[in-house]
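Have a look at the structure below, then the notes.
The values are calculated or read from the model by the stated rules, or taken from the named source; none is laboratory data. Keep in mind that this is a model prediction, so the values were computed, not measured. FYI the Cβ positions are ideal-geometry reconstructions off the backbone, even for glycines, and counts take in every protein chain you see. Side chains included, ligands, DNA and RNA excluded: accessible areas come from the protein's heavy atoms. Shrake-Rupley method; radii C 1.70, N 1.55, O 1.52, S 1.80 Å.
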Amino acid sequence: MVEREPRVLARVASQTLSDFFTQQHRAHGAQILTDAEVTAIARDGVTLSDGAVIEADAVLVGVGAVACDGLARSAGLLCDNGVVVDEQARTSDPLVFAVGDMTRRPIPVHGGVHHRLESVPNALEQAKQAAAAIVGRPGPAPEVPWFWSDQYEFKLQIAGLPFEADRQVLRGDPAADAFAVFHLAGDKVVCVEAVNAPPEFMAGKKLIAATTPVDAAKLADVSVSMKAVAAG
């Protein structure tokens with residue numbers, strides 16, 4: 001795998017999480033090159049910026065996604081890194097709704113900041129918002145954004161976004177293949193990255209939604225239950 005950034009998952013995950021999955025993939029035989037940039041793809045392989053050539057029978061390119069908003073723009077809808085919608089999934093035209101990866105929406109649990117979320121849970125939440133607005137019913141309570149990935153025997157679950165975070169707290173031991181990284185803004189949890197740690201993921205998600213203050217020392221202490229952490 002050729003990665004242009006200094007580490008894998010640099011855009012979406014903490015250094016701790018990046019280091020863990022890099023180690024696991026290498027242990028399973030994957031070769032990972034970071035700080036490496038592809039300059040050409042030819043029949044005989046891939047050429048890097050330093051002149052090195054990696055032989056390849058097939059090349060899979062993963063370079064991110066651009067919102068497909070051409071139809072919305074042609075309809076005169078407001079677009080800015082995606083189709084801009086409100087908390088009811090309504091576009092700048094009150095009669096048009098949009099949901100999914102190509103929308104840029106406010107996220108109430110993060111102060112209403114607008115962001116594009118590329119996940120199934122996001123599309124499901126927006127569908128509920130749109131349906132409620134269309135039939136004139138109260139909308140559902142705002143949800144905490146969450147994401148997941150299964151890699152080998154490791155289940156990665158992430159809740160929240162670390163926009164406001166000013167520090168991280170590690171709970172558990174990556175060497176034991178079960179841990180969680182909590183991102184805090186002051187004494188509030190704004191994001192949790194959990195590997196094989198469902199209790200930390202579920203509790204972290206609830207803490208984000210409730211904006212419950214936590215004691216960082218207790219949060220880092222695995223002898224203290226997550227229920228006790230939430231109790232203060």
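Data overview
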| item | result |
| --- | --- |
| Per residue solvent-accessible surface (Å²) - the stretch 80-201, probe of 1.4 Å | 46 Å² |
| The chain: calculated mean residue ellipticity at 222 nm from DSSP helix runs of at least 4, using -39500 (n - 2.57) | -7000 deg cm²/dmol |
| Between the stretch 96-118 and the stretch 125-143, the alpha-carbon center distance in angstrom | 13 Å |
| Peptides ranked, highest mean first, by Cβ atoms within 10 Å: ranges 183-194, 145-156 | 183-194, 145-156 |
| 22 Å tail of the calculated P(r), the chain, as % of Cα pairs | 61 percent |
| Separation of alpha-carbon centers, the stretch 42-71 and the stretch 167-205, rounded to whole Å | 33 Å |
| The stretch 65-151 - percent of accessible surface contributed by carbon and sulfur, probe 1.4 Å | 59 percent |
| Whether the stretch 16-80 is rounded, prolate or oblate, judged on the alpha carbon gyration tensor where a/c under 1.5 counts as rounded | oblate |
| Where the Cα pairs of the stretch 1-126 fall when distances are cut into 10 Å bins, in % | 11, 29, 24, 23, 12, 1 |
| Computed label-point distance, nm, for sites A30 and K155 using a 7 Å Cα→Cβ extension | 2.0 nm |
| Relative contact order, percent, the stretch 1-78 [alpha-carbon distance under 8 Å, six or more residues apart] | 23 percent |
| Accessible surface of the stretch 1-51 [probe 1.4 Å, protein heavy atoms]: carbon and sulfur percent | 45 percent |
